[in-house]
Amino acid sequence: MDTQQPIPKSSRSNWHTANLLVAFGVGLSACLLGGASAACGLGLMLVNRRQLALVTTLPIVSLLVIGICLGLPLAWQAVAALRGKTSKRLAPALVWGIGLAGLYLVALTGGQTVLSLKLAPAVTLPPFHILALGIPALLCLWGAVSLAKEPRLTWRQVWSGLGGGAFGAVGLAFAIELVLLVLGIVAAAIFLGQSPDWAGLLAQPQLTPGGLANSPLVRSLFRNPIVILTLFASFSLIVPIIEETAKSLVPALAGTWRGLSATQIFLWGVAGGAGFAVVEGLLNGSLSAEGWVSVALLRIGASAMHCLTAGLTGWGWGQVWTQRRWLRLLLAYIIAVAIHGVWNGVSIGMAVVGVAFGPGTVQNALIVGAVGLLILLTIGEVIALMAIAERIGRSNRAAVSDDYANPGGLSNLPEGGVASTS
């Protein structure tokens, strides 16, 4: 059975209708803003007669693709739900995963080729950039959905999760982090300005032939124990708390739809993490083309981390909505923040080592160690995500089979355990 029963309009509360209207507005706005940003960027370049550069084309194309490929489907699905139309069941085939993996390898190879041979990278790199930084998250989502084998999962639920993570979670997290960043910069400027030594460094030119990372001020900052502790506390604790809280709102809101199973809410969370990872990867990777392949490879682990942690909190919300087990949600959230914090800690540690220490044996050894640890974390994250998806799906199918075997049929199922209405 590929479609579900139509949604009776009388069963849709004002709260759900409001959610659908918000989803439509967000999706349409993202699509329009993506197109407007691309048009404005290209228009300014033509007016100023500037040559195309990667620093301009990568963000423009990324915003355009995010708006069209994530915003437009979100708006479309919201309209379909408001009209009471059903959504087809999502049953990913093996060929999808093989195709995505092959396309990722082609994008990685093609992107590095156009950069190495300087084949007009400002024009030719963006398509490879979109694929190489976006596919890892989609592969994680495909694997989780395939192993969970949830028969009630629909395309609408997945698109809603992707859109919620891409726009809702990213927007909320970015707004909070931006405010904290501004406050941190102001506090740091006041603190450093009171010291004569730091004041002298601030007065020196910071742009050197080796880039901002080689400036005296930046090197001195990254060698200061207080600065290092602040960076680790920020990226290993504060940022994970903000982002995992923002991502957890996706399955939390999904659970308000009556009839969703715990597996569906878990997969909704994974989809939210995938949407978050796609937007973060495309935009962060657009800041610089230096070390593009390394950034693209690093996004495999970052995407797996976001999907895993969002899936964990999704599982926690599934336990809340189906069984009212709040402690499981708290435990899942703590584990998610810890995993996110470890990943960020290793990543920021590698950056600190690269800037604080000059080229040499110590720096190379520390960076190699950090890269090795990130590879192990990536493998562990992927295995954990797939194992959890398979286990949750198997447990849910066993519970449904047991209830069908009981004389009471489906009457023993907890509310929200079987039928999907979205």
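The values are calculated or read from the model by the stated rules, or taken from the named source; none is laboratory data. The structure presented is a predicted model; accordingly, all values stated were derived computationally and were not measured. Methodologically, a virtual Cβ is constructed for each residue, glycine included, from the backbone with ideal geometry; neighbour enumeration extends over all protein chains shown.
Checking the structure you have, find out if any residue of region 289-299 is part of a helix (DSSP H, G or I), farther than 30 Å from LEU63 by Cβ and touching a residue at least 40 places away in the same chain (Cβ under 8 Å).
Within region 289-299, the subset part of a helix (DSSP H, G or I) is 292-299.
Then keep just the ones that are farther than 30 Å from LEU63 by Cβ; that gives none.
No, because not a single residue in region 289-299 is part of a helix (DSSP H, G or I), farther than 30 Å from LEU63 by Cβ and touching a residue at least 40 places away in the same chain (Cβ under 8 Å).
What pairs come up if the first residue lies in region 76-91 and is within 17 Å of LEU162 (Cα to Cα) and among the aromatic types (Phe, Trp, Tyr), the second is surrounded by fewer than 16 Cβ atoms within 10 Å (Cβ to Cβ) and modelled with pLDDT under 90, and their beta carbons are under 9 Å apart, counting only those six or more places apart or on different chains?
none
Taking the stated definitions as given, is ILE367 in contact with a helix residue (DSSP H, G or I) (Cβ under 7 Å, 6 or more places away or on another chain), more than 28 Å from ALA144 (Cβ to Cβ) and of a type in the set (Val, Ile, Thr)?
Yes: the conditions hold for ILE367.
Among (1) touching a Gly at 6+ places or on another chain (Cβ under 7 Å); (2) more than 20 Å from ILE392 (Cβ to Cβ); (3) of a type in the set (D, E, K, R), where does LYS247 come up short?
Among (1) touching a Gly at 6+ places or on another chain (Cβ under 7 Å); (2) more than 20 Å from ILE392 (Cβ to Cβ); (3) of a type in the set (D, E, K, R), the lone unmet condition for LYS247 is (2).
Give the number of residues within region 283-309 that are among the hydroxyl-bearing types (Ser, Thr, Tyr) and either at pLDDT 95 or above or touching a strand residue (DSSP E or B) at 6+ places or on another chain (Cβ under 8 Å) (or both). Spell out the reasoning first.
Quick first cut of region 283-309, residues among the hydroxyl-bearing types (Ser, Thr, Tyr) only: 286, 288, 294, 303, 309.
When the remaining residues are screened for being either at pLDDT 95 or above or touching a strand residue (DSSP E or B) at 6+ places or on another chain (Cβ under 8 Å) (or both), the result is 303, 309.
Of the residues in that region, 2 qualify.
Pairs only if they're at least six apart or on different chains, beta carbon under 8 angstrom, first in region 390-407 and closer than 16 Å to ALA148 by Cβ and of a type in the set (Lys, Arg), second surrounded by 12 or more Cβ atoms within 10 Å (Cβ to Cβ) and at pLDDT 85 or above; list them, first residue then second.
ARG397/LYS149
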